[in-house]
Amino acid sequence: MYTDAFRNTFFVDFLEFFGLTKTFKDINNVRPSLRKSEGSNYDAERATYNSDGSANSHEVSSEVVGEKESADKNSVPQPEEKDPFLVEYSGEDDPEHPLNWSVGKRALTVAEVFVLSCVTYMGSSIYTPGQEQIQQEFHVGHVVGTLNLSMYVLGYGLGPIIFSPLSEFATIGRQQLYIWTLFGYTMLQVGCALVNNIAGLVILRFITGILCSPSLSTGGATIGDIVAPNYVPAFMGVWSIGTVCAPIIGPLLGASMVVAEDWRFIFWLLMWLSSLTLIVLVFFFPETSNENILYRRAVRLRKLTGDNRYYTLKEREESKLSFKEFIFTALYRPFEMIIKDPIVLALDLYIALCYGTFYLFFEAFPIVFVGIYNFTLIEMGLAFLGFCVGCIIAYAVCMLFLVKVVGKQFQDGTFTPETFMQLAMGVCWSLPLSLFLFGWTASVHWILPIISEIFFILCVFNLFQATFSYLAVSYPKYMASVFAGNGLMRAGFACAFPLFGRAMYNNLAIDGYPVAWGSSLLGFVSIGLAVIPFALYKYGPYLRSKSTFSG
């Protein structure tokens, strides 16, 4: 039955809220989790339900209570019993635990996260083929036109600072954040398609960037909820392929809309894609956060029994959290970690440079493929597909490393967080190579800049995997904060680079090589930053021992 298979989806929540579906059978699933040790008052607890499963919370026999009190006075000391009102899973095989879902349900959930991330990530670059038309229609220059890309990227860098901590709250969870932000994102695409001034478009793009960020900030956490730990890296890699390929495919789809109609149809396409995704999520995306699932179970028990004493541990902890403490966790700690911890600062800078350079390609490609080779908009969109080929190769390298190096060290007990730096050390050479190759072969043949994309992604993809894994293992207690800070720094660089990219390339251009020295400048910087994984591999344990955040 649909309501059983997809309990805790948005649509089933809607049916429950209006009393259109019953959850009396939830009691049978929850009762084992409330059972205390032998000799407890579980029978009294069970007496609060009628034979048909309906609530009768106030009809507990006085004899049962009296016998319990007498037994308490005369009995010998017993081990501390569980609170009968504490709501927990009934055991390792509890069917509501995400790891116990069917393979089909978990596969569908992973696919939904993948599609959601792709649709929202695509929104950053899908705009770029229409930028010239927008500049002409609104009579603005290139930098102002580029703000529509930069502000979107900045938005999804700022969003995780709030949405990441919120998704960890038992009373909120992940599903509601995905649904409500995607709804707002979808509606604002209509505004982008109909807007009549550049200021309005830039503001709407910034807001939609913020609203698209939950899938980018907590998508990995959702996968971690439903996939066994030993398989998480493989699935995270697949999800990462989607987040990389989505902004690559965006220019091709955007160019198709511009050629077929005009720039406004780019946002109509985004609206339809996000609407379809929203419909699927409303009906088939279940809550994956363990704490929120238990919270929902406690809420159902309260409603069924009329007894508000049922609770979860996380819910009770959060009730003591003040607004000031939340603001500290969400807004201050990510910056504090960047400032005070050299490991976090170094890796954030390295990742931010890679991310900014990636978005700089959206400025360099028109100069090379349109300016030199006279590609059409569609052909230029196809030129981005070299990144997709690179993703497949990079993913294979990552999986090989996880199996041959990480897996082996886990088995023989020699694993440390610095193991992940070996992956970064092994691919760091390909980033400067790609930038030099892209810059100095742009006038030779069009295939050579496309080949450089493969080397670029080989480094960047695996650097991301190594960095995120290293930070997650090194800072488990402050994982949300460290990732929020990393995302903000990445977005800051990606926001700024396109704004000065065209001017940089034009000022450093030489005859026949319009992007050579601009790309080489970034290549030289990347060579300097390539020292970071080697330094952390050697000095990482010492730095972590001095950190107040690691553990």
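Quick notes on this one:
- Close pairs (7 angstrom Cβ cut-off, 6 or more residues apart or separate chains): over 15 Å from Glu112 (Cβ atoms) and in contact (Cβ under 8 Å) with a residue 12 or more places away in the chain in the stretch 269-291, β-branched (Val, Ile, Thr) and surrounded by 20 or more Cβ atoms within 10 Å (Cβ to Cβ) anywhere: Leu270/Ile126; Met271/Thr186; Glu291/Thr312
- Selection of the stretch 6-29 for residues being modelled with pLDDT under 50 and open to solvent by less than 40 Å² (accessible area, probe 1.4 Å) yields only Asp26.
- Only one entry in Ile210, Ile241 is modelled with pLDDT of 90 or more and among the aliphatic types (A, V, I, L, M), namely Ile210.
- Hits in the stretch 284-311 - residues which are assigned to a strand (DSSP E or B) and open to solvent by 10 Å² or more (accessible area, probe 1.4 Å): Tyr311
- Residue match in the stretch 122-133 (condition: touching a residue at least 40 places away in the same chain (Cβ under 8 Å), in contact with an Asp or Glu (Cβ under 7 Å, 6 or more places away or on another chain), surrounded by fewer than 18 Cβ atoms within 10 Å (Cβ to Cβ) and within 26 Å of Phe361 (Cα to Cα)): yes
- Odd one out for Trp263 among (1) surrounded by fewer than 20 Cβ atoms within 10 Å (Cβ to Cβ); (2) more than 23 Å from the chain's Cα centre (by Cα); (3) among the aromatic types (Phe, Trp, Tyr): (1)
- Selection within the stretch 160-198 - open to solvent by 40 Å² or more (accessible area, probe 1.4 Å), modelled with pLDDT of 90 or more and in a helix (DSSP H, G or I): Gln176, Trp180, Phe183, Met187, Leu188, Val190, Leu194
- If the condition is being out of contact with any strand residue (DSSP E or B) (no Cβ under 8 Å at 6 or more places or on another chain) and polar (S, T, N, Q), then the stretch 158-198 contributes Ser164, Ser167, Thr171, Gln176, Thr181, Thr186, Gln189, Asn196, Asn197.
- Hits in the stretch 101-115 - residues which are among the hydrophobic types (A, V, I, L, M, F, W, C) and open to solvent by less than 10 Å² (accessible area, probe 1.4 Å): Val113
- Check on Ser322, over 19 Å from the mean Cα position of the chain (by Cα) and small (Gly, Ala, Ser): yes
- The sole residue among Ser256, Ser215 that is at pLDDT below 95, in a helix (DSSP H, G or I), in contact with a helix residue (DSSP H, G or I) (Cβ under 7 Å, 6 or more places away or on another chain) and closer than 30 Å to Asn290 by Cβ is Ser215.
Residue-wise test of (1) modelled with pLDDT of 90 or more; (2) farther than 30 Å from Thr548 by Cβ; (3) in contact with a helix residue (DSSP H, G or I) (Cβ under 9 Å, 6 or more places away or on another chain).
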{"position": "Phe284", "(1), (2), (3)": "yes, yes, yes"}
{"position": "Gly306", "(1), (2), (3)": "no, yes, no"}
{"position": "Glu317", "(1), (2), (3)": "no, no, no"}
{"position": "Leu331", "(1), (2), (3)": "no, no, yes"}
{"position": "Glu336", "(1), (2), (3)": "no, no, yes"}
{"position": "Ile339", "(1), (2), (3)": "yes, no, yes"}
{"position": "Asp348", "(1), (2), (3)": "yes, no, yes"}
{"position": "Ala364", "(1), (2), (3)": "yes, yes, yes"}
{"position": "Phe375", "(1), (2), (3)": "yes, yes, yes"}
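- Among the residues of the stretch 418-440, those that are touching a residue at least 60 places away in the same chain (Cβ under 8 Å), open to solvent by less than 20 Å² (accessible area, probe 1.4 Å) and over 16 Å from Trp517 (Cα atoms) comprise Glu418, Met421, Ala424, Cys428.
- Some residue of the stretch 213-224 being crowded, with 21+ Cβ neighbours inside 10 Å and more than 14 Å from the chain's Cα centre (by Cα): no
Rundown of residues vs (1) of a type in the set (Val, Ile, Thr); (2) in contact with a helix residue (DSSP H, G or I) (Cβ under 6 Å, 6 or more places away or on another chain); (3) open to solvent by 20 Å² or more (accessible area, probe 1.4 Å); (4) free of Cβ contacts under 8 Å to residues at least 12 places away in the same chain, yes/no style:
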| site | (1), (2), (3), (4) |
| --- | --- |
| Ala442 | no, yes, no, no |
| Ile451 | yes, no, yes, no |
| Phe468 | no, no, yes, no |
| Ser481 | no, yes, no, no |
| Ala491 | no, yes, no, no |
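The values are calculated or read from the model by the stated rules, or taken from the named source; none is laboratory data. A quick note: this is a predicted structure, and the numbers were derived from the prediction, not measured. Ideal geometry is used to build each Cβ from the backbone, glycine not excepted, and the neighbour counts take in all protein chains shown. Surface accessibility is based on the protein's heavy atoms, side chains included, excluding ligands, DNA and RNA. Shrake-Rupley method; radii C 1.70, N 1.55, O 1.52, S 1.80 Å.
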